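One structure is given below, encoded as structure tokens.
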Amino acid sequence: LDPGAAAALHQLLAIGAPAPEALARLGALAAEWPGIATAVERLSRRLGRIRAAGIELDGIGFDASHGRGTMEYYDGMTFSFLAPGRPDWPPVASGGRYDLLTAELGRGAAIPAVGGIIRPGLVAELEASC
């Protein structure tokens, strides 16, 4: 891998911040690395839809390296819902898009796919503590 490309990739994967700050950092990186501009624009549109639904974006964390060690089969946006004040717990829910996996398993016929898990025991514990 070209050293410049490797440095840009490391810079990209180091982005972890509240969603608005991360989007600004990704936009700045896209100005230097146009290959990610389309993905940054898609993220901007998604965050706009989330904001339009009345959800405060400052409460949403973004981590460009999310899922790299535990969710490798996802090829699109991934998510995790964490319990506040419980860093000892795994995510209460997590998942994402995995369209390319369906193409691999379907001999080239990709279908849009989203999957995830919810840990009902953790949800019950959270509800009991409210």
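The values are calculated or read from the model by the stated rules, or taken from the named source; none is laboratory data. Every value quoted in this text rests on a predicted model; they were computed, and no experiment measured them. A quick note on method: Cβ atoms are made from the backbone with ideal geometry, for glycine too, and the neighbour counts reach across all protein chains shown. These area figures cover heavy atoms from the full protein model, side chains too; ligands, DNA and RNA do not enter into them. Shrake-Rupley method; radii C 1.70, N 1.55, O 1.52, S 1.80 Å.
Couple of notes before you dig in:
- Taking all Cα pairs closer than 8 Å and separated by 6 or more residues, the relative contact order of the chain comes to 17 percent.
- Using the alpha-carbon positions of region 1-72, Rg (one decimal) and Dmax (whole number) come out as 13.0, 43 Å.
- Annotation: amide H-H contacts under 5 Å for residue 62 (H modelled 1.01 Å from N, sequence separation of 5 or more, or interchain): 17, 19.
- The chain: calculated mean residue ellipticity at 222 nm from DSSP helix runs of at least 4, using -39500 (n - 2.57): -13500 deg cm²/dmol
- Simple spin-label estimate for residue 60 and residue 107 in nanometres, 7 Å along Cα-Cβ: 3.9
- Cβ-derived FRET efficiency at R0 22 Å, residue 32 paired with residue 2, nearest 0.05: 0.95
- Length added when fully stretched, residue 11-residue 93, from 0.36 nm per residue minus Cα-Cα: 26.8 nm
- Of the three principal axes defined by the Cα atoms of region 58-114, the extents in descending order read 44, 23, 16 Å.
- For the chain, the equivalent ellipsoid derived from the alpha-carbon gyration tensor has semi-axes of 27, 21, 15 Å in decreasing order.
- In the full protein context, region 19-130 carries 67 Å² of accessible surface per residue, based on a 1.4 Å probe and ignoring ligands, DNA and RNA.
- Here the label points at residue 128 and residue 77, each 7 Å from Cα along the C-beta direction, are separated by 3.4 nm in the simple model.
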